[in-house]
Amino acid sequence: CKQVFKISTGSANLDKLLGGGVESMSITQVFGEAGSGKTQIAHTLCVTTQIPTEDYSGGKVMFIDTERSFRPNRIRQIARRFHLSEDSVLQNILYIRAYNSEHQYQILKNVAVKFHEDTGVFKLLIVDSIIALFRNDFMGRGVLLNRQQKLAETMSLLKKISEEYNVAVFITNQVTTSMNNKFPLLTIGDDVKPVGGNILAHSSTTRVALRKLTGNVRIAKIHDSPELAEQEEAFTITNGGVQD
Ligand code: ATP
Ligand code: MG
């Protein structure tokens, strides 16, 4: 029997916003401008996923990196915050770099095989970012349909993986402003919108918009969820990762 679990983000505020944390058998998407904290949340989750709780055993992490965003030194800092062995925390993160959108898809196919072989070992799959390589590979309007088809395949594979192997899927997405309106967009504010159109929107269970406030403070807001209230919460980015 597959028991749904929730992984803490490291911030009680953010966990509350998410209804307890990042959920298994589900896709959580965060989007926001550069520096809004997407990668920092991903790094913190790499560590918190390994911490068992009363009803969660803890487990390994698969990190698919499309933007060279992974920083082992940040993982070490965050591990120290939670009084964990830096080396063993790093060893429990399987890191894969994707070079183009097709490669990213093939990696996800291999991930499915790996999760099948190592049943119950991996609890979190991160793709940071889900869209970057698609934006590189499919430039301009003429290939938009093709891009959206490939993106849809990728998202349905992610959904299948999350459900079949009971893992949490955490993806990051980018935003564009209305000034640069060449992709299908969803309005979230007056000027900032997530990219990827309907496919990326509707294939994610939970979407969270991030924005910078002042200094290391960030605001997270639930975006258009069928289950969660459209609330906002603040969190901070520190040496120890994401916290209140
Ligand atoms: P992008 O779209 O460029 O990938 P992002 O949303 O992934 O952006 P992050 O890399 O998560 O952005 O966040 C970068 C922010 O985190 C910067 O503002 C940086 O100052 C802050 N930050 C990084 N490390 C630390 C730290 N050790 N302590 C405090 N803040 C930090
Ligand atoms: Mg990033």
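What follows draws every value from the coordinates through simple rules; no lab data is involved. Just so we're clear, the structure is a prediction, and the values are computed from it rather than from any experiment. Here the Cβ positions follow ideal geometry from the backbone for every residue, glycine too, while neighbour counts run over all protein chains shown.
Could you tell me how far the Cα centroid of the stretch 217-243 sits from the Cα centroid of the stretch 14-28, in Å?
For the stretch 14-28 versus the stretch 217-243, the Cα centre distance is 11 Å.
Please state the relative contact order of the chain as a whole percent: Cα pairs under 8 Å, 6+ residues apart?
Working: 500 pairs, mean separation 72.8, N = 244.
Taking the mean separation of contacting Cα pairs over the length of the chain, I get 30 percent.
Net charge within 13 Å of Thr238 by Cβ-Cβ distance, Lys/Arg positive one each and Asp/Glu negative one each, not counting Thr238 itself?
Values: positive: Arg74, Arg80, Arg81, Arg218; negative: Asp244.
Taking every Cβ under 13 Å from that of Thr238, the sum is +3.
Mind scanning Lys60/Lys159; Lys60/Lys212; Lys109/Lys221; Lys114/Lys212; Lys16/Lys114; Lys60/Lys193 and naming the pairs with a C-alpha gap bigger than 28 Å?
Lys60/Lys212; Lys109/Lys221; Lys114/Lys212; Lys16/Lys114; Lys60/Lys193
Evaluate the distance, in nm, between pseudo-label points positioned 7 Å from the Cα of His103 and of Arg141 along their respective Cα→Cβ axes.
Here the modelled spin labels are 3.1 nm apart.
When you count, for each residue, the other Cβ atoms within 10 Å and take the mean per peptide, how do 19-30, 223-234, 121-132, 60-71 rank with the highest first? Don't skip to the answer; put the middle values down first.
Values: 19-30: 21.9, 223-234: 13.1, 121-132: 24.0, 60-71: 18.8.
Put in order of decreasing packing, that is 121-132, 19-30, 60-71, 223-234.
To two decimal places, what compactness ratio does the chain give when its Cα radius of gyration is scaled by 2.2 N^0.38 Å?
Values: Rg = 16.8 Å, N = 244, 2.2 N^0.38 = 17.8 Å.
In units of the globular-protein estimate, the chain measures up at 0.95.
Tell me which of Leu144, Asn166, Phe82 sits at the most positive position along the dipole axis of the chain, charges placed on C-beta atoms (Lys, Arg +1; Asp, Glu -1).
Of the listed residues, the answer is Leu144.
How high is the relative contact order of the stretch 29-96, given as a whole-number percent (alpha carbon pairs under 8 Å, six or more residues apart)? Walk me through the numbers before you get to the answer.
Numbers: 63 pairs, mean separation 22.2, N = 68.
Reported as a whole number, the value is 33 percent.
Over the Cα atoms of the stretch 1-98, what Rg and Dmax result, in angstrom?
Using the Cα atoms of the stretch 1-98, the pair Rg, Dmax is 13.3, 40 Å.
Order these peptides, 91-97, 36-42, by their mean beta-carbon neighbour count within 10 angstrom, highest first. Each step should come with its number before you reach the end.
Details: 91-97: 16.3, 36-42: 25.4.
In descending order of packing, they fall as 36-42, 91-97.
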